[in-house]
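*Asks:* Before I ask anything, here is the structure I am working with.
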Amino acid sequence: MPAGRRDSGFVDGNLAVNLPGGNSNTKDLIRLYADRGLTVDDMVILEGAHSVGEAKCVTTIVDDLNLANVTGSAEIIDNNFREMMLKKYCPKANESNWSEIPVPMIADKSGSGLGSGSAAWGVSFFNNIIKGKGVITSDVPFAVYPSTKDLVRQYANDSALWMKKFGETMVKLGKMDVLTGEQGEIRRHCSVQNAANMHA
Ligand code: HEM
């Protein structure tokens, strides 16, 4: 990433409403990206970031309502995988905080065929959604939607290509809505706000 870009000095939780939800369908997501000047390819490439971190039960394929709304049918999901997620991570018996329970993005490491660590970065995501083992509901249809399915297979088969393009697309993303003049700050360390850094 090029250095020197201005970042906000604080986190504004209200802006989170602008983020696409895990219950969006592929057609709507494509339009959302296009509105920001991003292509279908950009969208598929960036989605590979869903090979790290975690989701909450409510944003995953174990949520029946999401599954019906987003995929139209459950056919594209690997049912054994869904059962495993329900049992291991999101048991319904745990009703009080069910929706908030965390689930790792790569819930079935064996499914990626690539183990863990840097080799699984990106590629594990694409391999898993092809097998119907995607965690976030809105991700799985990418493997079957007409304008995204071939891209998904291309990146599943070519980790080096995906990594190169992911870097380029992140740079493109970083050029959106940049702050100028006196707005925000240029961070001394890219992962922390300057004020937070002073307290460290
Ligand atoms: C199609 C657009 C996208 C949708 C619908 C989407 C949806 C989601 C959802 C539902 C979660 C789980 C949130 C939760 O349950 O707490 C999530 C997490 C995450 N997303 Fe996305 N996302 C999208 C694009 C992106 C992009 C462009 C990136 C980065 C390049 C990204 C990176 C991540 C990461 C790293 C996490 C894990 C966060 C954590 O561990 O706390 N996502 N996303």
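The values are calculated or read from the model by the stated rules, or taken from the named source; none is laboratory data. Just so you know, these numbers come straight off a predicted model, no measurement behind them. Cβ sites come from the backbone with ideal geometry, for glycine too, and all protein chains shown count toward neighbours. Quick note on the areas: whole protein, heavy atoms, side chains included, nothing else; ligands and nucleic acids left out. Shrake-Rupley method; radii C 1.70, N 1.55, O 1.52, S 1.80 Å.
*Asks:* Answer yes if at least one residue in the range 10-33 is within 10 Å of the ligand (Cβ to nearest atom), within 15 Å of residue 134 (Cα to Cα), open to solvent by less than 60 Å² (accessible area, probe 1.4 Å) and in contact with an Asp or Glu (Cβ under 9 Å, 6 or more places away or on another chain), and no otherwise.
*Replies:* yes
*Asks:* Further, regarding this structure: Take the residues in the range 47-62 that are near the ligand (Cβ under 8 Å from one of its atoms), closer than 15 Å to residue 140 by Cβ and touching a Ser or Thr at 6+ places or on another chain (Cβ under 8 Å), then tell me which one is most open to solvent (accessible area, probe 1.4 Å).
*Replies:* In this case the residue turns out to be 59.
*Asks:* Further, regarding this structure: Just the residues that are under 19 Å from the mean Cα position of the chain (by Cα) and either in a loop (DSSP other than H, G, I, E, B) or among the hydrophobic types (A, V, I, L, M, F, W, C) (or both), please, taken from the range 82-98.
*Replies:* If we filter the range 82-98 for residues that are under 19 Å from the mean Cα position of the chain (by Cα), which is where we start, we get 82, 85, 89.
Those that are under 19 Å from the mean Cα position of the chain (by Cα) and either in a loop (DSSP other than H, G, I, E, B) or among the hydrophobic types (A, V, I, L, M, F, W, C) (or both): 85, 89.
*Asks:* If you go through the range 177-185 one residue at a time, do you hit one that is in contact (Cβ under 8 Å) with a residue 60 or more places away in the chain, exposed (fewer than 11 other Cβ atoms within 10 Å of the Cβ) and among the β-branched types (Val, Ile, Thr)?
*Replies:* yes
*Asks:* Continuing with this model, one more query. How about the range 63-101: which of its residues are over 18 Å from residue 24 (Cα atoms), touching a residue at least 40 places away in the same chain (Cβ under 8 Å) and open to solvent by less than 60 Å² (accessible area, probe 1.4 Å)?
*Replies:* The answer is 78, 81, 85, 98, 101.
*Asks:* Please go through the range 34-46 and give me each residue that is part of a helix (DSSP H, G or I) and surrounded by fewer than 18 Cβ atoms within 10 Å (Cβ to Cβ), ordered by number.
*Replies:* In the first step, residues of the range 34-46 are kept if they are part of a helix (DSSP H, G or I); the result is 34-35, 40-46.
Matches in the range 34-46: 34, 35, 40, 41, 46.
*Asks:* If you don't mind, another one. Pairs, please: C-beta under 6 Å, at least 6 apart or cross-chain, first residue under 19 Å from residue 86 (Cβ atoms) and of a type outside the set (Ser, Thr, Tyr) and in the range 136-147, second part of a helix (DSSP H, G or I) and open to solvent by less than 10 Å² (accessible area, probe 1.4 Å)?
*Replies:* These pairs meet every condition: 139/129; 140/129.
*Asks:* Can I ask one more? Pairs, please: C-beta under 8 Å, at least 6 apart or cross-chain, first residue assigned to a helix (DSSP H, G or I) and in the range 151-171, second of a type in the set (Gly, Ala, Ser) and exposed (fewer than 14 other Cβ atoms within 10 Å of the Cβ)?
*Replies:* 159/119
*Asks:* Let me ask another. Looking for whichever is over 26 Å from residue 178 (Cα atoms) and at pLDDT 90 or above here; the options are 70, 58. Which one fits?
*Replies:* Details: 70 fails: at pLDDT 90 or above.
Among 70, 58, only 58 is over 26 Å from residue 178 (Cα atoms) and at pLDDT 90 or above.
*Asks:* Please find, among 123, 135, 140, 152, the residue that is surrounded by 14 or more Cβ atoms within 10 Å (Cβ to Cβ) and modelled with pLDDT of 95 or more.
*Replies:* Details: 123 fails: modelled with pLDDT of 95 or more; 135 fails: modelled with pLDDT of 95 or more; 140 fails: modelled with pLDDT of 95 or more.
Testing whether each residue is surrounded by 14 or more Cβ atoms within 10 Å (Cβ to Cβ) and modelled with pLDDT of 95 or more leaves just 152.
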